[in-house]
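This report refers to the structure that appears directly beneath it.
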Amino acid sequence: MTRFRVGPGAIQAVLFDLDGTLVDSAPDLAAAVEAMRQTRGLAPMPLESYRHMAGAGARGMLGIGFGITPDNTQFDALRQEFFDSYERCLTVRTKPFSGVPHVIQTLQTMGLSWGVVTNKATRFSAPLTQALELFNSAAVIISGDTTPHAKPHPEPLFEAARRIGLDPGACLYVGDDRRDVVAGKAAGMPTVAALYGYLGADADPQSWGADAIIDSVDQLLDLLQQDA
């Protein structure tokens, strides 16, 4: 099992993706699409129909709810409607995954800073993180539009490290999507793939090249070796 040394000259901060890694936002994302379907007289679909695509944002949700792809001429209008619908309900059902508050508290006890690097736009990430007490202790929150680039580009991770005041190599990045691992590796950060998140049907996490893989968030603590 790959382990990461914690302390000066080693890991001093842990950065996380948001949706599917720290919080379960699938219920609100699905509800936004279901509201759109309801106005059109369409039959309701169960949450589990949407969950595996929650990490793909509007593209994934609209693909499930309406069988539509970005090359469809109606996609842009539906995407904007989805954004408006999601904005109205994004803090109703979303909550941290089980074990996340304990992990965050333990990281702080170990003397580690922590933060978020998400592709979620500030329009959505700001009210969501402000509504959940968990994020009051975050050292940094980088959204999809904080820098000119979003993941898998490494710039959002570089920006997070700059704001914390650490070398990127002193930050561990945890995410549930291949683009998280690609971005982390490009930034020179060790990476952990979270398999409890929103893995698509065709996802192959073993091929992502992460330094470690976890099946539950509390397994992250087993990977961290504090210097004596």
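What to note about this one:
- Here Ser207, Ser85, Ser216 are placed in order of increasing Cβ neighbour count within 10 Å, fewest first, which gives Ser207, Ser216, Ser85.
- Given the alternatives [x] 16.3, 47; [y] 17.6, 62; [z] 17.8, 53, Rg and Dmax of the Cα atoms in Å as computed for this entry is given by [y].
- Summary of the geometry: region 64-81 and region 98-170, compared by the centres of their Cα atoms, lie 30 Å apart.
- Estimated 222 nm signal from helices in the chain, with DSSP H stretches of n ≥ 4 weighted -39500 (n - 2.57), rounded to 500: -11000 deg cm²/dmol
- Partner aspartates and glutamates whose Cα lies under 12 Å from the Cα of Lys185, excluding those fewer than 8 positions away in the same chain, are identified as Glu155, Asp211.
- Nearest-20 debye value, region 1-150 charge dipole, Cβ charges on Lys, Arg, Asp, Glu: 280
- Kirkwood Rh (inverse of mean 1/r, distinct Cα pairs), region 91-181, angstrom: 13.9
- Gyration tensor over alpha-carbon atoms, region 26-87, equivalent ellipsoid semi-axes in Å: 15, 13, 11
- Alpha-carbon Debye profile of region 131-175, log10 I(q)/I(0) at 0.13, 0.17, 0.19, 0.29 Å⁻¹: -0.30, -0.51, -0.63, -1.16
- On Cα atoms only, tilt of 57-66 relative to the major axis of the chain in degrees: 30
- Antiparallel DSSP beta bridges within the chain, percent to nearest 5: 10
- Rg/Rg_ref, region 153-228, where Rg_ref = 2.2 N^0.38 Å and atoms are Cα: 1.11
- Expected-Rg normalisation [2.2 N^0.38 Å, Cα atoms] applied to region 1-58: 1.77
Every number in this text was worked out from the coordinates using simple rules, so none of it is lab data. The model shown is predicted, which means the values in this text are computed figures rather than measured ones. As a convention, Cβ positions derive from the backbone with ideal geometry for all residues, glycine included, and neighbour counts pool all protein chains shown.
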